[in-house]
1. Of the residues that make up the range 39-53, is at least one in a helix (DSSP H, G or I) and touching a helix residue (DSSP H, G or I) at 6+ places or on another chain (Cβ under 9 Å)?
2. In the range 1-15, what residues are surrounded by 11 or more Cβ atoms within 10 Å (Cβ to Cβ) and farther than 15 Å from residue 34 by Cα?
3. Pairs please, first residue from the range 43-60 and more than 22 Å from residue 3 (Cα to Cα), second anywhere and in a helix (DSSP H, G or I), Cβ atoms under 9 Å, 6+ apart in sequence or on different chains.
4. Would you tally the residues in the range 16-25 being out of contact with any helix residue (DSSP H, G or I) (no Cβ under 9 Å at 6 or more places or on another chain) and more than 27 Å from residue 36 (Cα to Cα)?
């Protein structure tokens with residue numbers, strides 16, 4: 001590649017009826033100036049491209065890190081869902097066992113109360129029978145006493161001697 005200095009120093013041989021040397025020189029200087037500007041622009045763009053490449057590499061790393069973090073978050077979420085489901089099943093199982101225990105205990109207490117009621121009922125019935133027997137006995141005694149002949153002098157025919 002030609003440099004702007006090489007273009008500016010370029011000499012051409014003389015020929016008859018050749019080009020106007022001042023026009024050629026002026027054109028070469030213009031071309032050299034344009035080439036210099038373009039070279040400078042290329043260097044500037046190359047530096048800018050390198051900086052952008054470096055920045056792109058950083059962003060690519062950030063992007064990869066974010067993708068990795070997203071995958072980790074998804075895996076963690078899946079694990080949390082599985083753990084949550086397992087925990088919920090465990091809590092449910094414990095609740096079912098506790099409910100069964102409470103029901104069993106309530107049934108046991110219910111049976112005990114039923115037995116207690118039966119015992120109380122049996123005692124009540126026994127008490128009523130005994131009370132009826134006692135009342136019949138007392139009623140018979142009253143009837144016997146009512147049927148007794150009392151004498152005029154205030155002595156009963158059932159005096160201690162007769163008894």
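1. Within the range 39-53 (the criterion being in a helix (DSSP H, G or I) and touching a helix residue (DSSP H, G or I) at 6+ places or on another chain (Cβ under 9 Å)), the answer is yes, since at least one residue qualifies.
2. Listed by number, the residues that qualify are 10, 12.
3. So the pair list comes out empty.
4. 2
FYI, it's all coordinate maths here, none of it is from the lab. Since the model is a prediction, treat every value here as computed from it, not as a measurement. Methodologically, a virtual Cβ is constructed for each residue, glycine included, from the backbone with ideal geometry; neighbour enumeration extends over all protein chains shown.
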